[in-house]
1. Taking only pairs six or more apart or across chains, which ones have beta-carbon atoms under 7 Å, a first residue in the stretch 126-143 that is at pLDDT 55 or above, and a second residue that is small (Gly, Ala, Ser) and surrounded by 11 or more Cβ atoms within 10 Å (Cβ to Cβ)?
2. Look through GLU72, GLU78 and report the one residue that is at pLDDT 95 or above, within 25 Å of THR126 (Cβ to Cβ) and exposed (fewer than 15 other Cβ atoms within 10 Å of the Cβ).
3. If you scan the stretch 19-44, which residues turn out to be aliphatic (A, V, I, L, M) and either free of Cβ contacts under 8 Å to residues at least 40 places away in the same chain or surrounded by fewer than 12 Cβ atoms within 10 Å (Cβ to Cβ) (or both)?
4. Evaluate the following for GLY60: is it over 18 Å from ARG124 (Cβ atoms), over 14 Å from the mean Cα position of the chain (by Cα) and either part of a helix (DSSP H, G or I) or not small (Gly, Ala, Ser) (or both)?
5. Only one of (1) touching a helix residue (DSSP H, G or I) at 6+ places or on another chain (Cβ under 9 Å); (2) assigned to a loop (DSSP other than H, G, I, E, B); (3) not β-branched (Val, Ile, Thr) is not met by ARG34, so which one is it?
6. Would you call ALA103 modelled with pLDDT of 75 or more and either surrounded by fewer than 16 Cβ atoms within 10 Å (Cβ to Cβ) or within 23 Å of ARG66 (Cβ to Cβ) (or both)?
7. Can PHE3 be described as hydrophobic (A, V, I, L, M, F, W, C), in contact (Cβ under 8 Å) with a residue 40 or more places away in the chain and not in a helix (DSSP H, G or I)?
Amino acid sequence: MRFSTRAEYGLRALIDLAMFGHLGPVQTHDIGRRQGLPEPYLSQLLAQLRRAGLVTSKRGPHGGHRLAKPPEAIRLDEVFLVLEGTTSPWECVDTDEAGCVYAPGCGLRPLWLRLKEATDHVLRNTTLADLLPPLPGTPDRPFEGREAPRVL
């Protein structure tokens, strides 16, 4: 299963904002430089994240972007919904009735449904904070205090 660069670049931008936002608004070109992302595409993604209420933006020479809420409050399923629209590995999973010539007796659709359920479970139970690198001198335990998401 693959997700587009929209999800990867958007998550990288959010991670950058989580890491550097405490210093003040973070400018798009700084995120792009640190993360190796093209600025025009990054601007589009940040605008989409802003419209979804995940990021706030301020114009001007001292402007930039910040997270709209703490990293612990941003679940990855929210981010994927904004950036990808769906986590379905196949189109038939997003509909109740599989409008496919293989629908009667299809052996694959149950697999696609299980993959989507597993993916959704992981994303629903993972926050942006879980993706942040550990602070110097702290152990690397992204799921400390919570059960790690189980896949299938």
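The values are calculated or read from the model by the stated rules, or taken from the named source; none is laboratory data. Here the structure is a predicted model, which is why all the values come from computation and not from measurement. Don't worry about glycine lacking a Cβ; one is built from the backbone with ideal geometry, like all the others, and counts go over all protein chains shown.
1. The qualifying pairs are LEU128/ALA18; LEU132/ALA18.
2. Values: GLU78 fails: exposed (fewer than 15 other Cβ atoms within 10 Å of the Cβ).
Going through GLU72, GLU78 in turn, just one is at pLDDT 95 or above, within 25 Å of THR126 (Cβ to Cβ) and exposed (fewer than 15 other Cβ atoms within 10 Å of the Cβ): GLU72.
3. As a first pass, look at the stretch 19-44 and keep what is aliphatic (A, V, I, L, M): 19, 23, 26, 31, 37, 42.
Within the stretch 19-44, LEU23, ILE31, LEU37, LEU42 meet the criteria.
4. No.
5. Checking ARG34 against (1) touching a helix residue (DSSP H, G or I) at 6+ places or on another chain (Cβ under 9 Å); (2) assigned to a loop (DSSP other than H, G, I, E, B); (3) not β-branched (Val, Ile, Thr), the one that fails is (2).
6. Details: modelled with pLDDT of 75 or more: no; either surrounded by fewer than 16 Cβ atoms within 10 Å (Cβ to Cβ) or within 23 Å of ARG66 (Cβ to Cβ) (or both): yes.
When the stated conditions are applied, ALA103 does not pass them.
7. Details: hydrophobic (A, V, I, L, M, F, W, C): yes; in contact (Cβ under 8 Å) with a residue 40 or more places away in the chain: yes; not in a helix (DSSP H, G or I): yes.
Yes.
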